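Encoded as structure tokens, the structure appears first; notes follow it.
The values are calculated or read from the model by the stated rules, or taken from the named source; none is laboratory data. If you're wondering where the values come from, they're calculated on a predicted model, not measured in any experiment. No Cβ is skipped: glycine too gets one built from the backbone with ideal geometry, and neighbour counts run over all protein chains shown. Surface accessibility is based on the protein's heavy atoms, side chains included, excluding ligands, DNA and RNA. Shrake-Rupley method; radii C 1.70, N 1.55, O 1.52, S 1.80 Å.
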Amino acid sequence: MFHLGWFVGYGYGVQTWRGQWSGTGATDWMKPDTYVDLVRSMERAGFDYVMFEDSSCIPDTHGGSVHSVLANAHGAPKLDPMTLVPLLAQATDKLGIVVTAATAFYPPYILARLAASLDQLSSGRVGMNFVTASSNSAARNFGLDQHFEHDHRYTMADEWTDVVTRLWESWEPDAMVHDRDANLFADGDKVHPIDFEGEFYKVKGPLQVPRSPQGRPVICQAGGSPSGRDYAAKWADTIITGVRGVDAMKAYRDDIRSRVAGHGRDPDDVKVLYLVSPVLDDTVEAAQAKAKRIEQDRLDNAEWALQTMSYASGIDFSQFDLDKPLPEVETNGHTTTLSEFAKSANGKTLREAVAYRQNESVPLIGTPETVADEMGEIAEAAGGDGFLIANELDRVTIAQITEGLAPALQRRGLTRTSYEFDTLRENLRAF
Ligand SMILES: Cc1cc2nc3c(=O)[nH]c(=O)nc-3n(C[C@H](O)[C@H](O)[C@H](O)COP(=O)(O)O)c2cc1C
């Protein structure tokens with residue numbers, strides 16, 4: 001069996017607003033209803049977790065302004081996804097809810113308290129996707145002129161995560177006594193300051209929040225570079241990746257597993273999920289025609305794809321000639337996103353290269369039955385722990401995945417039909 005997650009790539013933001021099936025997405029995107037529908041459907045289908053992307057700026061790299069991003073509602077405007085957690089927890093019983101938090105911008109005490117509180121509130125179903133964040137525009141909202149250098153961000157993130165986990169563990173599991181006769185609510189001998197003094201952070205502790213149901217909330221990570229992978233291998237319970245092709249998927253997972261073991265952890269405790277965006281329809285031919293339309297749409301709207309690359313890389317892609325190949329570029333941003341794009345753009349003009357679909361380790365195009373077969377074969381060949389659905393979010397797509405694909409996977413015995421446990425980490429480790 002393998003695990004399933006869903007990556008909400010535009011965070012708590014505008015999802016689809018002008019597409020055929022976008023409903024009232026243009027005006028109602030700030031209401032939680034679509035997400036509530038999503039998580040209820042996911043739980044019915046046995047998913048492990050939903051994961052919300054996040055960032056802390058209106059991207060302004062593309063064309064040097066916020067105009068095109070706002071015109072397209074492409075990554076902004078956006079709300080804070082932490083606010084969704086209580087609502088989604090109340091609408092579900094078993095599903096994990098993972099939200100992104102930037103290690104570079106959150107003071108560790110604030111994040112530790114927030115995550116532990118949410119884990120209490122959801123009875124142990126919360127995860128945090130720790131990202132270093134990459135954009136200078138976001139860094140400027142936190143007192144920096146530009147973001148720290150790529151590998152240095154991970155050095156800082158490592159210490160930051162150490163502080164956060166120490167805070168989470170500053171309460172012993174049995175510190176809450178509730179002894180009326182002894183007039184003892186919580187035992188101060190079992191609540192410890194952490195007295196942390198490192199290179200970047202100084203935190204006394206303890207946390208005000210008692211130890212949360214999972215001990216530590218689940219940690220999710222998406223490191224692609226060597227330093228990112230190492231950070232993920234040291235701390236994460238689940239790692240998500242968009243590396244492309246079965247060989248690269250297998251190599252990525254093998255590398256992660258050996259790094260996990262290198263940190264003295266059990267590789268089976270870390271679940272690597274591959275990004276996929278299945279294109280589904282009633283027949284294979286109809287799905288192929290749909291995939292062609294999606295590709296044509298990207299070619300017709302080159303700016304859309306280029307905005308994504310501008311944001312991810314911090315390089316203004318609007319400066320490049322669409323009819324020439326992509327020039328040599330280097331980034332202090334998402335190194336993997338850029339290098340994968342550059343690989344696929346090799347030998348093409350930029351206008352052709354924008355057909356590239358991010359968030360797709362392998363293309364999956366067909367009926368629920370054919371795609372379920374393919375996913376089974378890929379999981380076998382790549383040895384993965386599961387898949388992270390990254391489709392655009394509208395109610396038609398939700399239904400295709402949760403009412404079509406997921407039951408087809410269940411019928412093959414590839415995914416769960418009921419939850420074994422109550423907490424996210426236990427469900428992740430169930431197989
Ligand atoms: C599925 C997925 C989701 C991601 N979500 C976020 C996010 O919400 N916010 C963010 O700043 N970075 C996000 N990233 C970027 C990663 O944290 C990471 O920076 C990127 O994969 C490049 O790896 P590297 O930092 O090791 O170079 C995501 C990456 C992937 C593959």
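Along Cα→Cβ, 7 Å out, is where each label goes; now give me the distance between the ones at Asp33 and Ser258 in nm to one decimal.
Output for this residue pair reads 5.2 nm.
So what's the angle, to the nearest 10 degrees on a 0 to 90 scale, between helix 226-235 and the longest Cα principal axis of the chain?
For 226-235 against the chain, the angle is about 40 degrees.
Quick one: accessible area per residue over the chain, 1.4 Å probe, rounded to a whole number of Å²? Walk me through the intermediate numbers first.
On the way: 18700 Å² over 431 residues.
For the chain, the solvent-accessible area averages 43 Å² per residue.
Work out from phi, with θ = phi - 60° and the Karplus expression 6.51 cos²θ - 1.76 cosθ + 1.60, the ³J(HN,Hα) of each residue of region 380-385, listed in order in whole Hz, and give x for Gly and Pro.
Residue by residue, region 380-385 yields 5, 6, 8, x, x, 9 Hz.
Select from Asp300, Asp394, Asp93 the residue whose mean-square fluctuation is largest in a Gaussian network model of the chain (Cα-Cα springs shorter than 10 Å).
Asp300
Whole number please: convex hull volume per residue of the Cα set in the chain, in Å³?
Numbers: hull volume 62.1 nm³, N = 431.
It comes to 144 Å³ per residue, whole-number rounded.
Taking 0.36 nm per intervening residue step and subtracting the Cα-Cα distance, what contour gain separates Lys348 from Thr24 on full extension?
112.9 nm
Provide the gained length on full extension for the span Asp282 to Glu197, in nm with one decimal, where the gain is 0.36 nm per separating residue minus the Cα-Cα distance. Provide the component values of the computation, followed by the final result.
Working: separation 85, 0.36 × 85 = 30.60 nm, distance 5.92 nm.
Answer, rounded to one decimal: 24.7 nm.
Taking the chain as the reference, fit the longest principal axis to its C-alpha atoms, fit the long axis of helix 302-313 to the helix C-alpha atoms, and give the angle between the two in degrees, 0 to 90, nearest 10.
With rounding to tens, the tilt is 30 degrees.
Among Phe421, Phe320, Phe185, whose mean-square fluctuation peaks in a Gaussian network model of the chain (Cα, cutoff 10 Å)?
Phe185
List the residues whose amide H sits under 5 Å from the amide H of Asp237, counting only those 5 or more places along or on another chain, with H placed 1.01 Å from N in the peptide plane.
Ile219, Cys220
Run the 1.4 Å probe and let me know the accessible area of His152, rounded to the nearest 10 Å².
The accessible area of His152 comes to roughly 60 Å².
Which of rounded, prolate, oblate describes region 284-353, given a ≥ b ≥ c as roots of the alpha-carbon gyration tensor eigenvalues and a/c under 1.5 marking rounded, otherwise prolate only if a/b is larger than b/c? If you can, show how the numbers build up before the last one.
Numbers: a/c = 2.08, a/b = 1.83, b/c = 1.14.
It is prolate, given that a/c is not under 1.5 and a/b is the larger ratio.
Express in nm, to one decimal, how much length is gained between Asn141 and Glu328 on full extension, taking 0.36 nm for each residue of separation and deducting their alpha carbon distance. Show your work: numbers first, answer last.
Values: separation 187, 0.36 × 187 = 67.32 nm, distance 2.95 nm.
Contour length minus the Cα-Cα distance gives 64.4 nm.
Order the peptides 199-207, 272-280 from the highest to the lowest mean number of other Cβ atoms within 10 Å of their residues. Show your work: numbers first, answer last.
Numbers: 199-207: 15.7, 272-280: 24.9.
The packing order, highest mean first, is 272-280, 199-207.
Suppose only helical runs count, i.e. DSSP H with n ≥ 4. What mean residue ellipticity at 222 nm does that imply for the chain under -39500 (n - 2.57) per run, divided by all residues and rounded to the nearest 500 deg cm²/dmol? Present the calculation step by step, with values, prior to reporting the outcome.
Details: 17 runs with 169 residues, N = 431.
Dividing the helical sum by the residues of the chain leaves -11500 deg cm²/dmol.
Apply the Karplus parameterisation 6.51 cos²θ - 1.76 cosθ + 1.60, with θ equal to phi minus 60°, to every residue of region 107-113 and state each ³J(HN,Hα) to the nearest whole Hz, in sequence, with x for glycine and proline.
Running phi through 6.51 cos²θ - 1.76 cosθ + 1.60 with θ = phi - 60° gives x, x, 5, 4, 5, 4, 5 Hz.
Can you compute the modelled spin-label distance between Leu70 and Ser339, with each label point 7 Å from Cα toward Cβ, in nm?
Result for the modelled spin labels: 3.6 nm.
Under a point spin-label approximation (7 Å from Cα along Cα-to-Cβ), what is the Trp304-Lys290 distance to one decimal in nm?
Taking the simple label geometry, Trp304 and Lys290 are separated by 1.6 nm.
Hey, how many Å between the Cα centroid of region 76-147 and the Cα centroid of region 318-337?
When both Cα centres are located, 30 Å separates them.
Compute a Gaussian network model of the chain, connecting alpha carbons closer than 10 Å, and tell me which residue from Thr27, Thr165, Thr336 fluctuates the most.
Thr27
Once you keep just the Cα pairs under 8 angstrom separated by 6 or more residues, what percentage relative contact order results for the chain?
22 percent
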